[in-house]
Amino acid sequence: MELHKCIDCKVRSEATGFLSNIELNDLGENCVEVHFEKGETIFKQNALSSNIIYLKEGLVKLTLKGPHRDQILKIVKATAYLGIPTTVGDKINHYSAVAIDPSVACFIDLNIFRKLIHKNGKFAYEIVLELCKNELQQFHRCINLTQKMLNGRLAFNLLNFSRNFYKSSSFKLSLNRNDLADLLGTTRESVSRVLSDFSREGLIEMEGKNIKILDEEKLEMISKAG
């Protein structure tokens, strides 16, 4: 844990680009940087919260405790804000955030965040844009989960990991099979079966957690057909 000088940070959010040096200094004086290992909880559901979290490095999963088990809501890659709706809208975390990879997060005092929102319209506007983007992504995720067959859901997510998370056709998937199944709303066995089908059909090459996409066009067709 260490104090954070936001003015010198190389991975600041787009919103902070509209802050003055004085505002950046104020932000830094009310911000602490924390490093998390894989599997560590960044914040926990139902706990009191007085911080906005800025994910500076890494990959995390957001989970919500249901009647029978925890459900993965989404996977978030740095850089991104975490917990704005649940912290600003309420004082209780409505979900948890857990590091999938080693991650670095900045804990920003809620009071300074609110002060910047009230005083700097351009900063506030960028935050609203991010919230809107996140909401639209969740709408599309909901459609994928409810209206696509497992083949389509898995194809969509493999392409999403490749294009948006790892920026490569070859990547080591940070999620284990149970997490991947949870993300897709199915069972571990079903995920393993469809991955094997994709491999046998020459769409992907798979060795443990290492995946290489061989036929992006075919995967795209499967994703769209659902």
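Over 21 Å apart: what share of the alpha carbon pairs of the chain falls there, rounded to a whole percent? Tail fraction, whole percent: 59. Within the assembled protein chains, the solvent-accessible surface assigned to Glu40 is about 80 Å², based on a 1.4 Å probe.
When the charge dipole of the chain is built from unit charges on Cβ atoms (+1 for Lys and Arg, -1 for Asp and Glu) and taken about the Cα centre, the candidate among Phe43, Thr16, His94 whose Cα reaches farthest toward its positive end is His94. With 20 Å as the limit on Cα-Cα distance, the pairs of Lys74/Lys148; Lys10/Lys133; Lys65/Lys91; Lys74/Lys119; Lys38/Lys148 that go past it are Lys10/Lys133; Lys74/Lys119; Lys38/Lys148. Electrostatic tally near Lys115: other residues with Cβ closer than 14 Å to its Cβ, Lys and Arg +1, Asp and Glu -1, net -2. The fraction of accessible area contributed by carbon and sulfur in the range 119-226 is 51 percent, rounded to a whole number (1.4 Å probe; ligands and nucleic acids excluded). Solvent-accessible area assigned to carbon and sulfur over the range 1-72 amounts to 51 percent, based on a 1.4 Å probe.
Label the range 132-226 by shape, choosing from rounded, prolate and oblate, from the square roots a ≥ b ≥ c of the eigenvalues of the Cα gyration tensor; if a/c is under 1.5 it is rounded, and otherwise prolate applies when a/b is larger than b/c, oblate when it is not. Rounded is the answer for the range 132-226, as its axis ratio a/c remains below 1.5. The residues of the chain present an accessible area of 55 Å² per residue when probed at 1.4 Å with all protein chains retained.
Only protein heavy atoms count here; under a 1.4 Å probe, His94 has an accessible surface of about 90 Å².
For the chain, a Gaussian network of Cα nodes joined below 10 Å ranks Thr16, Thr86, Thr146 by mean-square fluctuation, and the top entry is Thr146. Residues within the reach of a label modelled at Lys115 (point 7 angstrom out along Cα to beta-carbon, backbone nitrogen below 18 Å), restricted to the range 8-39, are 8, 16-33. Ranked by solvent-accessible area (1.4 Å probe, protein heavy atoms only, all chains present), the residues Ile204, Ile143 order from largest to smallest as Ile143, Ile204.
The values are calculated or read from the model by the stated rules, or taken from the named source; none is laboratory data. Predicted model, so just to flag it, every value in this text is computed and none were measured. Don't worry about glycine lacking a Cβ; one is built from the backbone with ideal geometry, like all the others, and counts go over all protein chains shown. Ligands, DNA and RNA are excluded from the accessible area calculation, which covers all protein heavy atoms including side chains. Shrake-Rupley method; radii C 1.70, N 1.55, O 1.52, S 1.80 Å.
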